[in-house]
Amino acid sequence: MNWWQRLKKNPLARFGAILLLIFYISVFAADFVAPYDPYDAQANGSLLPPTQVYWNDEAGFGPHVYPTTQGKTELETGDRKLIVNRQKPAWLRLFVQGAPYQMFKFSLPLPPTFQEVEIFGGIPGNLHLFGTSGDAKFNLLGTDEQGRDQFTRLLHGGRISLSIGLLGIAITFPLGMIVGGISGYFGGWTDSIIMRLVEVLMTIPSLYLLVALAAVLPPGLSSSEKFIISLILLCCGLGYTYQGPPFRLGYQGLGEIICFICFGPLAVAAAYYSQVQSFSLTSLTASIVVGVATSLILFCSHFHQIADDLAAGKKSPIVRLGTLKAANLLPWLGGSIYLLTTLLVIFGSFPIWTLLIWLSCPLAIKLVHHVQENHDRPEKVSNCKFIAVALHFWSGLLLSLGFMLAGG
């Protein structure tokens, strides 16, 4: 049970194990955890943002929501105004009655026709973990193009995603035992042939990259120098794919992801390794905070140039989402900086001094309010990128100061 002792001593591993367990329980009990049927569509409810929760207003005190629908599309701007019916408040409740389901229903496509055959009929029920007491819908993550609840569909779709890992282990583990057993039992040329085939298969994804780097890097460099230069070259290569032909990934809305990878994990890994010649999970998690803050600058810079992006055929996230939806997404992106830092402090991965990053929170609030008020006015929203730059600077400085004080 050495693995169990190591798991208990590693707070980050405990956090990952608990999170993974929650994911698996949630997706396999999605019928109960999700508030709605994954195929139920809401009338005039396509592409709704996450439902706003009210706590204290004219309806009373306590968590409640109002029926929300999409208005007509404005032909000039493409925006759709949200219509909130304040006359019909619905209170959020735990363990509510809802759409009927068959819990743990299981079916498989079996030969010879490979049509779905029901293996287990499931447990009938209509109780859901949370929901509303009225007509209003609580869309935790908004809705899709057909007005279906995104959170519900995410949980049901997660069954496939998480089952793939278990299925992969169920296939590869016995296959590896058989191949390894044959190789070890017979030995000699049988072992050599099997092992060479395995090594060839393992080198296919990275073979061309290693050959290219070996040709570019001077032979006299140390291993650490080669690693750091490789990271730098990888960042340069990713930077080229942002605008350079034939990739032009920035035109496909992937610029923020490239920015996150290059200025987050890769940049921090290169800086950290150059100083201590080792890796650290703490530096990796810190790089996520830095990467998100950096990507926010690029994300905000698209609000005032949406017309130019449309004319150039550039499908930036703002073009894909629209200014209103992108403005509603901004609090989640900015808030993730502080949420992640706080969670890592709670689980012991970050020192408590890193909570100094919360001193930059007023800048995040200012950025969110400014963008949400002026998202459709390019002349006024254009300076939001400078607020994002200030947020990046102060959040990074305060996070670094927290680590310095803890090590001090």
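The values are calculated or read from the model by the stated rules, or taken from the named source; none is laboratory data. Note that the structure is predicted; figures quoted are calculated from it, not measured. Cβ sites come from the backbone with ideal geometry, for glycine too, and all protein chains shown count toward neighbours.
The table for this structure:
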item	result
Subset of region 169-186 [out of contact with any Ser or Thr (no Cβ under 8 Å at 6 or more places or on another chain) and either among the β-branched types (Val, Ile, Thr) or at pLDDT below 80 (or both)]	Ile169, Ile171, Thr172, Ile178, Val179, Tyr185, Phe186
Region 280-293, subset assigned to a helix (DSSP H, G or I) and of a type in the set (Ser, Thr, Tyr), residue nearest to Ile261 (Cα to Cα)	Ser287
Unmet criterion (only one of (1) in contact (Cβ under 8 Å) with a residue 60 or more places away in the chain; (2) buried (at least 20 other Cβ atoms within 10 Å of the Cβ)) for Gly334	(1)
Test: residue in region 18-36 that is surrounded by 11 or more Cβ atoms within 10 Å (Cβ to Cβ), within 30 Å of Val319 (Cβ to Cβ) and not aromatic (Phe, Trp, Tyr)	no
Selected residue (only one of Gln150, Gln70 is without any contact (Cβ under 8 Å) to a residue 40 or more places away in the chain, in contact with a Lys or Arg (Cβ under 6 Å, 6 or more places away or on another chain) and under 21 Å from Tyr39 (Cα atoms))	Gln70
The lone exception for Leu340 - which of (1) in a helix (DSSP H, G or I); (2) surrounded by 21 or more Cβ atoms within 10 Å (Cβ to Cβ) it fails	(2)
Boolean, Leu21 is within 25 Å of Val345 (Cα to Cα) and among the aliphatic types (A, V, I, L, M)	yes
Residue in region 323-332 that is assigned by TED's automatic domain parsing to the domain that holds Tyr251, of a type in the set (Gly, Ala, Ser) and touching a Gly at 6+ places or on another chain (Cβ under 8 Å) present	no
Tally of residues being closer than 27 Å to Ser283 by Cβ and of a type in the set (Val, Ile, Thr) across region 321-374	8
Selection from region 294-311 of residues that are in a helix (DSSP H, G or I) and in contact (Cβ under 8 Å) with a residue 60 or more places away in the chain	Thr294, Leu296, Ile297, Phe299, Cys300, Ser301, Ile306, Ala307
Residue in region 285-304 that is surrounded by fewer than 17 Cβ atoms within 10 Å (Cβ to Cβ) and either of a type in the set (Gly, Ala, Ser) or modelled with pLDDT of 85 or more (or both) present	no
Every pair of residues 6+ apart whose Cβ atoms lie under 6 Å, when the first sits in region 35-49 and is over 23 Å from Leu94 (Cβ atoms) while the second is of a type in the set (Phe, Trp, Tyr) and at pLDDT 90 or above	none
Pair list, Cβ < 7 Å and 6+ apart or interchain, from region 275-293 residues that are within 13 Å of His392 (Cα to Cα) and assigned by TED's automatic domain parsing to the domain that holds Trp394 to residues that are at pLDDT below 80 and surrounded by 13 or more Cβ atoms within 10 Å (Cβ to Cβ)	none
Filter pass, Leu140 being touching a Phe, Trp or Tyr at 6+ places or on another chain (Cβ under 6 Å), modelled with pLDDT of 85 or more and over 13 Å from Asp31 (Cβ atoms)	yes
Region 278-300: number of residues that are small (Gly, Ala, Ser), in contact with a Ser or Thr (Cβ under 9 Å, 6 or more places away or on another chain) and under 18 Å from Leu367 (Cα atoms)	1
Hey, Ser283 of a type in the set (Gly, Ala, Ser), touching a Phe, Trp or Tyr at 6+ places or on another chain (Cβ under 8 Å) and over 25 Å from Gly142 (Cβ atoms) or not	yes
Single residue of His392, His369 found to be out of contact with any Asp or Glu (no Cβ under 6 Å at 6 or more places or on another chain), buried (at least 16 other Cβ atoms within 10 Å of the Cβ) and part of a helix (DSSP H, G or I)	His392
Qualifying residue in region 392-399 (condition: touching a Leu at 6+ places or on another chain (Cβ under 7 Å), among the hydrophobic types (A, V, I, L, M, F, W, C) and within 20 Å of Ser283 (Cα to Cα))	yes
